[in-house]
Each structure stands twice: as C-alpha cells, then as structure tokens.
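The values are calculated or read from the model by the stated rules, or taken from the named source; none is laboratory data. Values in this document were obtained by computation on a predicted structure and should not be read as measured data. Here the Cβ positions follow ideal geometry from the backbone for every residue, glycine too, while neighbour counts run over all protein chains shown. Surface areas here come from the heavy atoms of the whole protein model, side chains and all, with no ligands, DNA or RNA. Shrake-Rupley method; radii C 1.70, N 1.55, O 1.52, S 1.80 Å.
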Amino acid sequence: MDIKTRGGQFLVKETKCEDIFTPEDLSEEQIMMRDSVREFVDKEIWPNKNRFENKDYALTESLMKKAGEMGFLGIAVPEAYGGLGMGFVDTVLVCDYISGATGSFSTAFGAHTGIGTMPITLYGTEEQKIKYVPKLASGEWFGAYCLTEPGAGSDANSGKTKAVLSEDGTHYSITGQKMWISNAGFCSLFIVFARIENDKNITGFIVENNAENGISMGEEEHKLGIRASSTRQVFFNETKVPIENMLSERGNGFKIAMNALNVGRIKLAAACLDAQRRVTTGATKYANERIQFNTQIAQFGAIRAKLAEMAMNCYAGESACYRAAKDIEDRIATRELEGASHQEAELKGVEEYAIECSILKVAVSEDVQNCADEGIQIFGGMGFSEDTPMESAWRDARIARIYEGTNEINRMLSVGMLIKKAMKGHVDLLGPAMKVAEELVGIPDFNTPDYSELFAEEKEMIGKLKKAFLMVAGSAVQEFGPDLDAHQQLLMAAADMLIEIYMAESTLLRTEKLAKKQGENDVKEQIAMAQLYLYQAVDIISQKGKESIVSFVEGDEQRMMLMGLRRYTKYANMPNVVGLREIITNKLVAENNYCF
C-alpha cells in the first residue's frame, strides 16, 4: 500500500506540494460541471432567496426535481444504477457550488444525496440498489434519514425505536419516534435505524413512506435558519417492513450511521465554501459602494481587515477540502485496483480519512459562521435587515456546527481516531513523539537557516507545529492512557492544534504549487493569505498548547514543555500582519468580488 494514501499521516510526514490536489487542478470537464451548477444556482435559487426565507417548501421540492433532471443528484451514484458514476472530487465540487445561495436547498440536497441515498449504494444488496437507487438518482423519489430521537442525539446508538420480527418471519414491525428529519415532508423513503430485541447495536432498514403503513408526521419545525428545508418529526407505529429491506446485516446500523457521517462531514465542509465566496463578494461590493465621511468604507482599515480575513479563511477551506477529496478519491482507486468492489472501496476510502473529514467539518463550519457575522458587520444596520442577504446567511450557517455530529464531538473524534490509528500501527505517532521528547532535553540548533526560498521558514514552522502537537498529545497519552477520553477539555485543545496544522499546511501547499506554476508575483495575494493563516495558526497552537500543558503537567516537566512550546511556536522573521491584509484587500476591492 502506498504510504501516501494513509489518513492522519500529514502529522508525521512532510507532504510535497506536487502531491496534493488543488482547485486550480480541476479538469476541463470538472470546470464545465462547476459552471453548469453555478448557472443553475444563479438562475433558479439565488433570485428566489425570499421565497426560501418565507418557508416555501414546495419551491425546495420543485428545484430538487430540476436538480435531478440535470443529473446533479446522481453525481456519486454508479452508472449501473442510473447515476453519473463520477469521482469523489466531482461529488465534493458539486456539493460546494450547489450549496452557496441558501442553506435550505443545500440541506435538502445534502440530506438526499448523502444520508438519503448513499447508505443504499454503499450497503444495499443488488436487489435493493436496482429497486431504489435509480429513482433516487433521477429525483423521481427523495430520501430521508431517520437516526435522531428525542433521547438519542450525539449518542446515536442509544435509540429506543424497536423492530420486532413477525411470527411468520416475513417482516419487521417498526415502532418509535424520530426527530429533526430533513426532507420528511416530501420524501419517498426513509433510512430508519431501530433496535431488534436487546441488541447492542441498532440496525438499518429501508422504509417506503406510506401513511397507511403506520407512518405519521409532526408539523414542520420552525427553525432559526434553513427555513425552507422540510424538517419534521416522524412517528412509526407498527410500520411493516419486509425482511429483504434490512440494510446490511443485523446490528450493523451504528456502523452505517458512522460511515455515512464521515462522508457527510467533508461534504458539509464543502457546502460551506460557496456561501463564504458569496458573502465575501457581497460585503466587498457593499464596502466599495457605501460612503461615510466622504470615503468608501472599503478604504477604512477596520473594514479592510475583516475582508482580508473572510477571503483568507475561504481560501484555506478550499485548499483543505479539495486536498482531502482527492486523497479519498485516490484511496478508493487504490482499493478498486486491489480487487475491492466499488462499495467496499468507497467505504474504506472515506473511512481512511475520517480524521481529515472531522477536521474539515469543524474548521469550515466555524469559518462560514464568522464570515457571515463579519458580513453583517460590514453592512452595519442594513446587515441586520431582511432586505440584505447577510442575515439569512448568518442564520443558515448556524446549523453547520451542529449537524453531522456537533463540532465538540468532531473535535474529540479527530484526536481519538488519530490515537486509535497509532495503536493499530496505521500512523507512527510513537516514534516521532519520542524524538520530540529527546529533542526537548537536547541543545537547540542556533545556526541561522537559509530562508531565501519561498515558504522556507513557513514550512519549517509547520514542522515545528507538528512537534508541538506531538509533545502535548504524546505526554497526555502517557499520563492518562485509555482514560484520555474522559478529559474532554484536553482533547478539545489538542484538536484545535491538529485542525490548525492541517488547514495551515493545506493552504501553504496549494499556494506553493500555484507559485511554481504561475510565478510568485502573479500569486502574491495567495502567498499573503497562506502567510497570514499560518501566523494566526501559530497563535492558536501556542495558546491551546499552553492551556493543555498547565492543565495536566507540573514542576520541571511543565517548565520543560512550556519552553519547548515557545521554541516550536517562535518565528525567526515575524510577518507584517497589517501588510499581508493590505495585499489581500487591495486585490479584493479592485476586483470587487472574491477572486481567488
């Protein structure tokens, strides 16, 4: 197995810029696909934003049908079942650009193509796939996913919904209550999770939506955002489900749910990108038009700082999402070459990069919220009004930190999964962590390195940040062992360090690749964004590392680790932060849109 294909290894190996995929590497076919999706959104969705905000559920359903007719619902579905059978990068690309105009449509699209369809394509029998997937891929039918219950949210395996086998063994009767079910109001089938007898784990079922079969629904939920996405409670009262509609094996439901969430996480991150582009563009246009004190507010430093950070975070999110998407696509291809079925290859491909999926979900969902918040601030009083698109973008963004596993759960998962991978021997954390421990007691190298090449110091800094994480995480594992899970605040701080390393490195590598291709002068704004992002990442890692060290280490060991942290977060040449922001904003304001 090519070592390059392992998830989580970014932490312990140096990645070359030539080895990552970037948005600039999209093929002609992918660019055509992106442009057709963007045209659909600009023509059908963006002009109807008010209708979405006024809870026009019928509009959401009708545009989902149109998306199906255009093939957008079948991107990831194999051709054998009526889809386009395209790669994982294409899946992420379509998800990115179809999601930026309104969270209502984005949620309907994501719930249907992801957790509504994907469990059948990845876990279904041949008969199940032939029967259901073509209808889902075309938009003739829509899917929904019934996992959450009043007492089972983040603890998904604790659901009380029951499935009882009939005496003649032909069907199961499902009884229970599900809540927050996206697409419930217009779906044709549900993926339902229920417990058989006293099984340890839940089981998945494909359940056709039929009111005469014991299925009823609550009223549409009134939500802060994503207002025109149908969200209802669903009640099952002895709903008969043929035994052939069990999904995968008995007790395999928790595994199905978790793997569906892994794919959902990277797609959710991608679904937050175009919203950032649109908000940044809207805020830039407004800042160029709005005059105060006889000056465009785009000329005021306080506004310019906001615009620069909005653009920088979007650029970083793009860099990391497309890097991970191609890594997953390559892993799937490797598995298929080894003889795995498409189902098995895709499952294992995504599972391999579950750490990166959690990282992206957290980072990009928080960036889109901050972006919309700053968008409102730039618009001032107008930003608080429903007459501008900023307040709806802010409300829609808020759910992204909750669904597909809350950001708190995903933070803890990212570190927990990394440690599990290390224990299985998939990622060698122990060797590098021991080297860092030896380095701490050794004499530092006082030679002045050659930083003449682009990003020479920045790359060295990324390496040092990885050492800082290994120092903190390695010491925590030694201290607490298997009980580390109980120390959630420590895990959260370690996760923030991990997230910043992946995001900063992805941004740096994308920009280095771009500079080699186009020349440094042509991409000076992207260079500024990579340097600014890293500067802020260093600050966060320094703060979170210190918080961790003083929380569980004492005496001489604490002093040594704090000294190590200072060494690993110290620049030789500190960047001019205001100067970097100015480079970014000059380009934004001149182009009058997000232009990276």
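Test Glu197 against the criterion of being open to solvent by 60 Å² or more (accessible area, probe 1.4 Å) and closer than 30 Å to Gly83 by Cβ, and give yes or no.
no
Restrict the check to the range 237-249 and report whether at least one residue is closer than 30 Å to Phe88 by Cα, outside any loop (DSSP other than H, G, I, E, B) and open to solvent by 20 Å² or more (accessible area, probe 1.4 Å).
Yes, some residue in the range 237-249 is closer than 30 Å to Phe88 by Cα, outside any loop (DSSP other than H, G, I, E, B) and open to solvent by 20 Å² or more (accessible area, probe 1.4 Å).
For the range 507-526, does any single residue satisfy the condition of being of a type in the set (Gly, Ala, Ser), open to solvent by 20 Å² or more (accessible area, probe 1.4 Å) and modelled with pLDDT under 95?
First, pick out the residues of the range 507-526 that are of a type in the set (Gly, Ala, Ser): 515, 519.
With the extra rule that they be open to solvent by 20 Å² or more (accessible area, probe 1.4 Å), the set shrinks to 519.
Still in the running and modelled with pLDDT under 95: none.
Checked the range 507-526: no residue is of a type in the set (Gly, Ala, Ser), open to solvent by 20 Å² or more (accessible area, probe 1.4 Å) and modelled with pLDDT under 95.
Quick one: which residue in Leu261, Leu307 is over 24 Å from Ala80 (Cα atoms) and surrounded by 24 or more Cβ atoms within 10 Å (Cβ to Cβ)?
Just one listed residue meets the conditions, Leu261.
Taking the range 1-50 on its own, how many of its residues are assigned to a helix (DSSP H, G or I) and of a type in the set (Lys, Arg)?
5
Please determine whether any residue of the range 489-506 is more than 29 Å from Ala325 (Cβ to Cβ), surrounded by 18 or more Cβ atoms within 10 Å (Cβ to Cβ) and among the aliphatic types (A, V, I, L, M). Can you show your working first?
Step one: list which residues in the range 489-506 are more than 29 Å from Ala325 (Cβ to Cβ), which gives 489-490.
Right, trim to surrounded by 18 or more Cβ atoms within 10 Å (Cβ to Cβ) and you get 490.
Narrowing the set further to residues that are among the aliphatic types (A, V, I, L, M) leaves 490.
Among the residues of the range 489-506, at least one is more than 29 Å from Ala325 (Cβ to Cβ), surrounded by 18 or more Cβ atoms within 10 Å (Cβ to Cβ) and among the aliphatic types (A, V, I, L, M), which makes the answer yes.
Do we find that Glu408 is farther than 23 Å from Tyr286 by Cα and assigned to a helix (DSSP H, G or I) in this structure?
Numbers: farther than 23 Å from Tyr286 by Cα: yes; assigned to a helix (DSSP H, G or I): yes.
So Glu408 passes the test.
Output the number of residues of the range 511-545 satisfying the condition of being within 13 Å of Phe469 (Cβ to Cβ) and among the charged types (D, E, K, R).
1
Look through Tyr286, Tyr315 and report the one residue that is part of a helix (DSSP H, G or I), of a type in the set (Phe, Trp, Tyr), open to solvent by 10 Å² or more (accessible area, probe 1.4 Å) and farther than 28 Å from Tyr123 by Cα.
That would be Tyr286, the only listed residue that is part of a helix (DSSP H, G or I), of a type in the set (Phe, Trp, Tyr), open to solvent by 10 Å² or more (accessible area, probe 1.4 Å) and farther than 28 Å from Tyr123 by Cα.
Of the conditions (1) more than 23 Å from Glu14 (Cβ to Cβ); (2) without any contact (Cβ under 8 Å) to a residue 40 or more places away in the chain, Val523 satisfies every one except a single condition; which number is it?
(1)
Which residue pairs have Cβ atoms closer than 6 Å, lie 6 or more positions apart in sequence or on different chains, and pair a first residue in the range 29-47 that is aliphatic (A, V, I, L, M) with a second residue that is part of a helix (DSSP H, G or I) and open to solvent by less than 60 Å² (accessible area, probe 1.4 Å)?
These pairs meet every condition: Val37/Val94; Val37/Tyr97; Val37/Ile98; Ile45/Phe105.
For the range 141-159, name all the residues that are of a type in the set (Phe, Trp, Tyr) and open to solvent by less than 10 Å² (accessible area, probe 1.4 Å).
Phe142
May I ask you to list the residues in the range 44-69 that are of a type in the set (A, V, I, L, M), within 25 Å of the chain's Cα centre (by Cα) and open to solvent by 30 Å² or more (accessible area, probe 1.4 Å)?
Matches in the range 44-69: none.
So, in the range 127-185, of the ones that are assigned to a loop (DSSP other than H, G, I, E, B) and under 19 Å from Asn259 (Cβ atoms), which residue ends up farthest from the chain's Cα centre (by Cα)?
The residue in question is Gly159.
Please verify whether Val589 is open to solvent by less than 60 Å² (accessible area, probe 1.4 Å) and among the β-branched types (Val, Ile, Thr), treating the condition exactly as stated.
yes
Test Gly339 against the stated conditions and say whether it is at positive phi, part of a helix (DSSP H, G or I), open to solvent by 20 Å² or more (accessible area, probe 1.4 Å) and at pLDDT 95 or above.
Working: at positive phi: yes; part of a helix (DSSP H, G or I): no; open to solvent by 20 Å² or more (accessible area, probe 1.4 Å): yes; at pLDDT 95 or above: yes.
Judged against the criteria, Gly339 is not a match.
Being in contact (Cβ under 8 Å) with a residue 60 or more places away in the chain, closer than 20 Å to Lys544 by Cβ, open to solvent by 30 Å² or more (accessible area, probe 1.4 Å) and within 27 Å of the chain's Cα centre (by Cα) narrows it down to one of Met461, Met412, so name that one.
Of the residues listed, the single one that is in contact (Cβ under 8 Å) with a residue 60 or more places away in the chain, closer than 20 Å to Lys544 by Cβ, open to solvent by 30 Å² or more (accessible area, probe 1.4 Å) and within 27 Å of the chain's Cα centre (by Cα) is Met412.
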